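**Student:** Can you read through this structure? Questions will come right after.
The values are calculated or read from the model by the stated rules, or taken from the named source; none is laboratory data. As the structure is a computational prediction, the values presented were derived from the model and not from experiment. Note that we place each Cβ from the backbone using ideal geometry, even for glycine, and neighbour counts take in every protein chain shown.
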Amino acid sequence: MWTTLTSEASDARNRASVISRPIRIGREVLLLIALGVLVAIFASQSEFFLSERNLTTILRNSVDLAVVCAGMTIVIILGGIDVSVGGIVAVSAVLIGRAYQYDMPDMVVVPIGLAAGAALGAMNGAIIAKSRVPPIVATLGTMYIFIAVLFLVIGGVWISGLPNTLSFLVLGELFGLPSGLFVIGAIYGLSWLMLRRTPWGQRVVAIGCDEHAARLVGIRVDRTKIQAYALLGLFAGLAAVLYVARLRNVEVNIGTNIALEAIAATILGGANIRGGIGSLLGTLMGVLFIKMTQNGLVLIGVSSLWETVVIGGLLIVVLVLDALETRRTS
Amino acid sequence: MNDPLTQRMVFLTGLLVLAGVAGALLSPHFLQGSTVGYLLQYVPVLGVLGMAQTLVMLSGGPGIDLSVGATMSLVGLAIAAMFGAGVPLLLACAAGLVIGGLLGAVNAVLVCVLKVPSLMGTLATFFAYSGLALALTGGAPIGGIPDWFAGLAQGRFLGIPVHMWVVFVPLAVVLHVMLSRTRIGSHIYAAGNDERAAFLSGVKVWRLRFGLYCLSGVIAGLAAIMTLSWFQAARPDAGEGMELLSVTVAVLGGAHIFGGIGRISGTVLAVLIVTTLQVALQLANISQAWQLAAIGVLLICSVMADNAVGDRLRAAARRAAS
């Protein structure tokens, strides 16, 4: 027993220190280069791409995914995954829409959305922590349930014409800069502080590196897990608020792509599904890459259908480079 | 009866009966002979994908193939395009299976050679393949598949769809025999149960998994051929949603997500349950939402029940040992 334990522990240590450090720094530089190449291609093909208006558009379109991704990064660092975030965004959004239809003020509507997200996230966390269902299976199951709830509440009809009282959060300006920038900045700043500057964040990383060892040193693993999934849920709820604020409607197919896009952005950013490793800055760059691709392809007249090819291709390249790097260093 | 897998089979059979009874209560049209053929029409495509997923999961790692649906879409398009370019259809189908195998081999290289976690590697190829399927066709289906080819998925023999007879049942039997009666099968279980022990006793763990990812691609090709015959057209989004649905079916059927536990028969039962639910609710004209909710609850509860049973068995074993 002890031999496997210690070897696992040293394994985790290696993953956390020896391997992750050089790769993570390399990853952010690599992403910066990829972003640079992408910008150069799009800018050379379309003079509109680098215009202030278009950059603002990209930013506005990125806000909801970026917010979800901050939570996803933390959950993946914890060694978990959540494929149900799209469902959480959808349920929160539809509740927000219904609440607006009952003429509730923002002061009530926003907490409803956030609380719904946090509650659904906590439910995921509780199932995963308490009944030891693997995270991908548990959240796959809850995804079906959340989508069912969405269908039952929305009844197959769009909710539209919602008030624009919150639009300033995404569409407004603050100190001459788009307000979405401040939302993203606040969420990522907060997440970074929680992850890297608090004991809670250390517990998250510890669990991600070696859950068994974390349990042995007295970390309350179950509680931390539930909190992390609840945090992701809360962010998904916030993403729903921002989504409704931006588009002022709730579609039937809202949230379909969010989970896989969020996981893709997080992995692009250098997080490892095995846990313990991840970078919020990298994730944010992953989000930007995905959203710039979506925007740029349309501008240069290439069908937006190529978007997933570009994302998938870059993911493969990044994973292969990572693997070769790991092989070289070990 | 104490064997957890046997309990699983009993549990799943019970669920299937329950789904059937529910169907009969919900709709007067359910208990008719024609329902069987109608129901089985939907089984083979999801069924073979579920089996592919089960194999990949069984060998451990942990293994998962999120690209099965996208591979299926892409292979279907390739076959239809080759046929359009003048290649005989059966030859195109054979080539399609090879292409499926090659697409699977990309996963295999990522996961088994480069040691990228399977969830990440196959997520990347899922994006790439499904993107290619949409982008290369501009989102439009490729039609023009001749009527004679429709016999495979639209024809009936003894009231049961032909593709049940010639694809689904044979594949299930072959895979079942492979897993339960051959050395490869026991190697797959060994690799899934304890990778290091399997390696030390001479099982070429990663080579085995490499083969299973390729096989998963070939099986996705089979699914593509069946859909092609069914719709007489290749749709770029034919496999959409299949990645998660196939995982659902495999897990519901008792395959453990970390490998080593599972049976083809469980997967077959799980597909029948999911399809029965689907058809029953459809016939009763009840919102699809309830079907989704039922699948979600089933998925979570079945794994929770497994854990509980496992705990009890372990406790009993400990008592017996002391």
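**Student:** Considering only residues that are within 10 Å of chain A (Cβ to nearest Cβ), farther than 12 Å from B:Leu55 by Cα and of a type outside the set (D, E, K, R), which ones fall in segment B:228-257?
**Tutor:** If the condition is that a residue be within 10 Å of chain A (Cβ to nearest Cβ), farther than 12 Å from B:Leu55 by Cα and of a type outside the set (D, E, K, R), then B:Pro236, B:Gly241, B:Leu244, B:Leu245, B:Thr248, B:Leu252 are the ones that fit.
**Student:** Next question. Looking only at segment A:298-321, which residues are in contact (Cβ under 8 Å) with a residue 60 or more places away in the chain and either within 22 Å of the chain's Cα centre (by Cα) or in a helix (DSSP H, G or I) (or both)?
**Tutor:** A:Leu299, A:Leu314, A:Val318, A:Leu321
**Student:** For segment B:156-181, how many residues meet the condition of being outside any helix (DSSP H, G or I) and in contact with a helix residue (DSSP H, G or I) (Cβ under 7 Å, 6 or more places away or on another chain)?
**Tutor:** So the answer is 5.
**Student:** Taking segment A:98-116 on its own, how many of its residues are buried (at least 20 other Cβ atoms within 10 Å of the Cβ) and over 20 Å from A:Gly233 (Cα atoms)?
**Tutor:** Summing the residues that are buried (at least 20 other Cβ atoms within 10 Å of the Cβ) and over 20 Å from A:Gly233 (Cα atoms) in segment A:98-116 gives 1.
**Student:** In the list B:Ala294, B:Ala280, which residue meets the criterion of being closer than 30 Å to B:Gly61 by Cα and part of a helix (DSSP H, G or I)?
**Tutor:** It is B:Ala294.
**Student:** Now for a separate question. Across segment A:120-172, what is the total count of residues that are facing another protein chain (nearest Cβ under 10 Å) and not in a helix (DSSP H, G or I)?
**Tutor:** 5
**Student:** Would you say A:Gly255 is over 30 Å from A:Gln45 (Cβ atoms), out of contact with any Lys or Arg (no Cβ under 9 Å at 6 or more places or on another chain) and either within 12 Å of chain B (Cβ to nearest Cβ) or crowded, with 24+ Cβ neighbours inside 10 Å (or both)?
**Tutor:** The answer is yes for A:Gly255.
**Student:** Moving on to the next point. State all residues of segment B:113-155 that are within 7 Å of chain A (Cβ to nearest Cβ) and in a loop (DSSP other than H, G, I, E, B); if no residue qualifies, say none.
**Tutor:** If the condition is that a residue be within 7 Å of chain A (Cβ to nearest Cβ) and in a loop (DSSP other than H, G, I, E, B), then B:Leu114, B:Lys115, B:Val116, B:Pro117, B:Gly138, B:Gly139 are the ones that fit.
**Student:** Does B:Leu110 meet the test of being touching a helix residue (DSSP H, G or I) at 6+ places or on another chain (Cβ under 6 Å), within 9 Å of chain A (Cβ to nearest Cβ) and without any contact (Cβ under 8 Å) to a residue 12 or more places away in the chain?
**Tutor:** Answer is no for this residue.
**Student:** Look at segment B:238-258 and say how many of its residues are closer than 16 Å to A:Val83 by Cα and either out of contact with any Leu (no Cβ under 9 Å at 6 or more places or on another chain) or not acidic (Asp, Glu) (or both).
**Tutor:** Here the count works out to 10.
**Student:** Somewhere in segment B:282-297, is a residue closer than 28 Å to B:Cys112 by Cβ, buried (at least 16 other Cβ atoms within 10 Å of the Cβ) and at pLDDT 80 or above?
**Tutor:** no
**Student:** Just for segment B:10-39: of the residues that are of a type outside the set (Gly, Ala, Ser) and in a loop (DSSP other than H, G, I, E, B), which one is nearest to B:Ile295 (Cα to Cα)?
**Tutor:** So, considering only residues that are of a type outside the set (Gly, Ala, Ser) and in a loop (DSSP other than H, G, I, E, B), the one nearest to B:Ile295 (Cα to Cα) is B:Phe30.
**Student:** Shifting gears a bit: Which is crowded, with 16+ Cβ neighbours inside 10 Å and either more than 23 Å from A:Thr56 (Cβ to Cβ) or not hydroxyl-bearing (Ser, Thr, Tyr) (or both), of A:Val287, A:Val298, A:Val317?
**Tutor:** A:Val287
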